[in-house]
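S.K.: Provided herewith is a single structure, encoded as structure tokens, for subsequent inquiry.
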Amino acid sequence: MKSPFAIDKVSARMILDSRGIPTLEAEAVSGSFVARAAAPAGVSKGRFEAHDLRDEEAAFHGMGVSKAIRSVNGAMSSEIKGMSAVAQEEVDRALIELDGTPTKTKLGANALIATSMAVARLGAMVQDIPLYEHLHALSKHKTSKSVSLPFPLINVLSGGKHAGNELPFQEFSIEFAKAKNVSAALQLSSEFYQSLRQAIVKKYDARAANVGEGGGFAIPEADVRVALDVLMEVAKERGVEKQIKIGLTAAASHIRKKGAYVLDGKPLTHRQLVNYYANLVDQYPISIIEDPFAEDDLPGFQGIVSRIGTTHPIVGDDLLVSNPSRIKRVLDLKACNGLNVKPNQVGTLTESLESIALAHNAGWTIVISDRAGDTEDDFISDLAVGTNAHYLKAGSLSRSERVAKYNRLLRIEEELGKKAVMVR
């Protein structure tokens, strides 16, 4: 007998991401229910990430997605037709086996993740429940019987590969950890962001208020401490210097040159870079540090975890690429105590949920994150809520593809009412 939740078909179309570059949107259908999801794309990509399948032809400078669309419309649609939309793991395992490669090179991680997320949305729709509740039911960890809201981690300054300035770190983010709810946290963050804009224009000029890929201001600075000082000056002016915390995304693979890490124009050894971060933590209210060493530099990660890991989450992004097998290895080596989750890095929702469960069970801090090439799809907001993640890092309070994720959090908070509890 046909399942009442059976997938009738999946298909895909090309849409444009936040950079005007093609990506694909998958559409999953069951009866009268139609669910869609779009694949994001990275700019600062880890070399261990799953493969983003592109056409590599003249159109769109080689970035077309016709091949990935054919993957969805052909083999993938045939493979999962008739499967239950609520059997997420069964669907994802079938797609993983159909691809049959370690990094999703045959079908494309972009094709896989868009389809996987569309099926998850369809699963929630056919059950008539919110997506975050469905994702919570699919979650493989047992940290909480109910959903919880993450703290918004807002990108306010951009550098590295995400901006056209000389600031070496990729993102400087803010959080208001003492905020009583998402609404209050976003109000404080919005007020700070607007004050920061005014301060930057006054300190530099109007051009300095231009933003990077994620909406953070791309100030004309090359010194990390100067950038931090700018943030703290605005915090003091607003009277929130005791409330604000700063998250650093170093993306250190991009500051390693010929075997050495280069900051402020100086090459640093492992020990010197660990000391550099330790000094920053002593001088500024830094909450978390993401990718402080290069993606293949496990000794560097071990060194900083040993030095400041008891007080500060050391979050792996390019190091871990949301991949359960890489997380297991790093767990054994004690080279991280935080995970940045970007589902397209690994290719399916099921694998992302496995990674989150590993991190939860290890007591790690969990960050659900956007990509530089993103869309208006707000799936990751529900993912953060449904998996009890500590943070949602969706970019800045600028550019609608970023703000859409925070707006979704506000709607979820309103929907939950008195049940709306933030992760502590």
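The values are calculated or read from the model by the stated rules, or taken from the named source; none is laboratory data. As the structure is a prediction and not an experimental result, all values here were calculated from the model. Don't worry about glycine lacking a Cβ; one is built from the backbone with ideal geometry, like all the others, and counts go over all protein chains shown. Heavy atoms of the whole protein, side chains included, go into the accessibility calculation; ligands, DNA and RNA do not. Shrake-Rupley method; radii C 1.70, N 1.55, O 1.52, S 1.80 Å.
S.K.: Could you run through region 162-197 and say how many residues are open to solvent by 20 Å² or more (accessible area, probe 1.4 Å), of a type in the set (A, V, I, L, M) and part of a loop (DSSP other than H, G, I, E, B)?
M.R.: The number of residues fulfilling the criteria is 2.
S.K.: Might you check whether a residue that is open to solvent by less than 40 Å² (accessible area, probe 1.4 Å) and farther than 15 Å from residue 247 by Cβ occurs anywhere in region 150-160?
M.R.: Taking region 150-160 as the starting set, the residues that turn out to be open to solvent by less than 40 Å² (accessible area, probe 1.4 Å) are 150-160.
Imposing the further condition that a residue be farther than 15 Å from residue 247 by Cβ reduces the set to none.
Scanning region 150-160, I find no residue that is open to solvent by less than 40 Å² (accessible area, probe 1.4 Å) and farther than 15 Å from residue 247 by Cβ, so the answer is no.
S.K.: Let me ask another. Take the residues in region 1-17 that are open to solvent by 40 Å² or more (accessible area, probe 1.4 Å) and among the hydrophobic types (A, V, I, L, M, F, W, C); name whichever of them is farthest from the chain's Cα centre (by Cα).
M.R.: Only one residue fits best here, namely 1.
S.K.: Give the number of residues within region 132-161 that are part of a strand (DSSP E or B) and over 23 Å from residue 289 (Cβ atoms). Step through it out loud before you land on a result.
M.R.: Our first condition is that a residue be part of a strand (DSSP E or B); within region 132-161, this holds for 149, 151-152, 154-158.
Still in the running and over 23 Å from residue 289 (Cβ atoms): 149.
Of the residues in region 132-161, 1 are part of a strand (DSSP E or B) and over 23 Å from residue 289 (Cβ atoms).
Residues checked against (1) of a type in the set (A, V, I, L, M, F, W, C); (2) in contact with a strand residue (DSSP E or B) (Cβ under 7 Å, 6 or more places away or on another chain); (3) more than 21 Å from residue 279 (Cβ to Cβ):
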residue	(1), (2), (3)
296	no, no, yes
330	yes, yes, yes
349	yes, no, yes
357	yes, no, yes
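S.K.: Kindly list, by first and then second residue, each pair from a residue in region 408-424 that is assigned to a helix (DSSP H, G or I) to a residue that is open to solvent by less than 100 Å² (accessible area, probe 1.4 Å) and of a type in the set (Asp, Glu), limited to pairs with Cβ atoms under 8 Å and residues at least 6 apart or on different chains.
M.R.: 408/378; 408/382; 412/382
S.K.: Of 82, 20, which residue is open to solvent by 20 Å² or more (accessible area, probe 1.4 Å), under 24 Å from residue 137 (Cβ atoms), at pLDDT 95 or above and assigned to a loop (DSSP other than H, G, I, E, B)? I'd like the intermediate steps shown before the answer.
M.R.: Numbers: 20 fails: under 24 Å from residue 137 (Cβ atoms).
It is 82.
S.K.: Kindly indicate which of 335, 359 is out of contact with any helix residue (DSSP H, G or I) (no Cβ under 6 Å at 6 or more places or on another chain) and on the phi < 0 side of the Ramachandran plot.
M.R.: Working: 335 fails: out of contact with any helix residue (DSSP H, G or I) (no Cβ under 6 Å at 6 or more places or on another chain).
Selected residue: 359, the only one of 335, 359 that is out of contact with any helix residue (DSSP H, G or I) (no Cβ under 6 Å at 6 or more places or on another chain) and on the phi < 0 side of the Ramachandran plot.
S.K.: Consider region 39-48. How many of its residues are open to solvent by 20 Å² or more (accessible area, probe 1.4 Å) and either at pLDDT 95 or above or within 11 Å of residue 113 (Cβ to Cβ) (or both)? Steps first, answer last, please.
M.R.: Here is the first cut: in region 39-48, the residues open to solvent by 20 Å² or more (accessible area, probe 1.4 Å) are 40, 43, 45, 47-48.
If we keep only those that are either at pLDDT 95 or above or within 11 Å of residue 113 (Cβ to Cβ) (or both) too, we end up with 40.
Adding up the residues that qualify gives 1.
S.K.: How about region 367-407: which of its residues are hydroxyl-bearing (Ser, Thr, Tyr) and either in a loop (DSSP other than H, G, I, E, B) or open to solvent by 10 Å² or more (accessible area, probe 1.4 Å) (or both)? Don't jump to the end; show me each part of the working.
M.R.: Let us first name the residues in region 367-407 that are hydroxyl-bearing (Ser, Thr, Tyr), namely 369, 375, 381, 387, 391, 396, 398, 400, 406.
Selection gives 375, 387, 391, 396, 398, 400.
S.K.: Taking residue 288 as meeting all but one of (1) open to solvent by 20 Å² or more (accessible area, probe 1.4 Å); (2) closer than 15 Å to residue 336 by Cα; (3) among the β-branched types (Val, Ile, Thr), write down the number of the exception.
M.R.: Failing condition for residue 288: (1).
S.K.: Moving on. If you take the residues in region 256-273 that are open to solvent by 20 Å² or more (accessible area, probe 1.4 Å) and touching a residue at least 24 places away in the same chain (Cβ under 8 Å), which one is farthest from residue 367 (Cα to Cα)? Show your work before the answer.
M.R.: We begin by selecting, within region 256-273, every residue open to solvent by 20 Å² or more (accessible area, probe 1.4 Å); these are 256-260, 262, 264-272.
Adding the requirement that they be touching a residue at least 24 places away in the same chain (Cβ under 8 Å) leaves 256, 262, 264-265, 270-271.
Working: 256: 24, 262: 27, 264: 28, 265: 30, 270: 25, 271: 27 Å.
Applying the filter and picking the extreme gives 265.
S.K.: Does residue 213 meet the test of being open to solvent by 50 Å² or more (accessible area, probe 1.4 Å), out of contact with any Phe, Trp or Tyr (no Cβ under 8 Å at 6 or more places or on another chain) and not in a helix (DSSP H, G or I)?
M.R.: no
S.K.: A further question on this structure: Taking residue 359 and the conditions (1) among the small types (Gly, Ala, Ser); (2) open to solvent by 10 Å² or more (accessible area, probe 1.4 Å); (3) touching a residue at least 12 places away in the same chain (Cβ under 8 Å); (4) not in a loop (DSSP other than H, G, I, E, B), which numbered condition does it fall short on, given that it satisfies the others?
M.R.: Among (1) among the small types (Gly, Ala, Ser); (2) open to solvent by 10 Å² or more (accessible area, probe 1.4 Å); (3) touching a residue at least 12 places away in the same chain (Cβ under 8 Å); (4) not in a loop (DSSP other than H, G, I, E, B), the lone unmet condition for residue 359 is (2).
S.K.: Within region 299-347, count every residue that is in contact with a Pro (Cβ under 8 Å, 6 or more places away or on another chain), of a type in the set (S, T, N, Q) and either open to solvent by less than 10 Å² (accessible area, probe 1.4 Å) or without any contact (Cβ under 8 Å) to a residue 60 or more places away in the chain (or both).
M.R.: Total satisfying the criteria: 2.
S.K.: What number of residues in region 57-77 are open to solvent by 80 Å² or more (accessible area, probe 1.4 Å) and touching a helix residue (DSSP H, G or I) at 6+ places or on another chain (Cβ under 9 Å)?
M.R.: The number of residues fulfilling the criteria is 2.
S.K.: Pairs only if they're at least six apart or on different chains, beta carbon under 7 angstrom, first in region 118-142 and at positive phi, second buried (at least 23 other Cβ atoms within 10 Å of the Cβ); list them, first residue then second.
M.R.: From residues that are at positive phi, there are no pairs.
S.K.: Also: Within region 31-38, can one find any residue that is in a loop (DSSP other than H, G, I, E, B) and open to solvent by less than 40 Å² (accessible area, probe 1.4 Å)? First the steps, then the outcome.
M.R.: Here is the first cut: in region 31-38, the ones in a loop (DSSP other than H, G, I, E, B) are 31-32.
In the following step, the residues that additionally are open to solvent by less than 40 Å² (accessible area, probe 1.4 Å) were identified as none.
No, there is no match, as no residue in region 31-38 is in a loop (DSSP other than H, G, I, E, B) and open to solvent by less than 40 Å² (accessible area, probe 1.4 Å).
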